[in-house]
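Worksheet for the structure shown next.
The values are calculated or read from the model by the stated rules, or taken from the named source; none is laboratory data. Everything numeric here is computed off the predicted structure, so don't read it as measured data. Don't worry about glycine lacking a Cβ; one is built from the backbone with ideal geometry, like all the others, and counts go over all protein chains shown.
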């Protein structure tokens, strides 16, 4: 079962199932949030969008930069047109909110290629975004700015 494989990576008490297809983790005393997608079904994407909108709002209202990892490395998630459309709309929410968003996908997978094309095609100047093939590398990148906040 996929849930068992993923739950072994989650520190106790820090994860929440947002829906059947997505797990949310809070790390570093709430400074960093990880969404692990098990699928990209419409209900999963809708649950994620609702939770991400709330996260962006909370960060914006608190004046805290966003540190977000979107883990799409589950075996063969299918990036549907609906998921792409919602991802593009998410990238335009709260344009004043600064921070970093890391995307994780399996190297060489169809979703990695589509995410790479998406990142290159979307003009985006608000938050830094980068794609990784290893979750640990994405976490290092997200954490490297926690102690070195850019001048406001």
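Yes/no per residue for (1) farther than 17 Å from residue 52 by Cβ; (2) modelled with pLDDT of 80 or more; (3) touching a helix residue (DSSP H, G or I) at 6+ places or on another chain (Cβ under 9 Å):
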residue: 73; (1), (2), (3): yes, yes, yes
residue: 95; (1), (2), (3): no, yes, no
residue: 101; (1), (2), (3): no, yes, yes
residue: 129; (1), (2), (3): no, yes, yes
residue: 137; (1), (2), (3): yes, yes, no
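Return the pairs, sorted by first residue and then second, in which the second residue is buried (at least 17 other Cβ atoms within 10 Å of the Cβ) and at pLDDT 90 or above, the first residue lies in segment 89-101 and is at positive phi and outside any loop (DSSP other than H, G, I, E, B), the beta carbons are less than 8 Å apart, and the residues are 6+ apart or on different chains.
Pairs found: 99/59; 99/65; 99/66; 99/67; 99/68.
Which one is farthest from residue 87 (Cα to Cα) among residues in segment 30-45 that are in contact with a strand residue (DSSP E or B) (Cβ under 8 Å, 6 or more places away or on another chain) and surrounded by fewer than 19 Cβ atoms within 10 Å (Cβ to Cβ)?
Once the filter is applied, the top-ranked residue is 31.
Yes or no: segment 118-125 includes at least one residue that is buried (at least 18 other Cβ atoms within 10 Å of the Cβ), touching a residue at least 24 places away in the same chain (Cβ under 8 Å) and touching a helix residue (DSSP H, G or I) at 6+ places or on another chain (Cβ under 6 Å).
no
Could you look through segment 1-22, keep only residues that are within 15 Å of residue 75 (Cα to Cα) and modelled with pLDDT of 75 or more, and pick out the one that is surrounded by the fewest Cβ atoms within 10 Å (Cβ to Cβ)?
21
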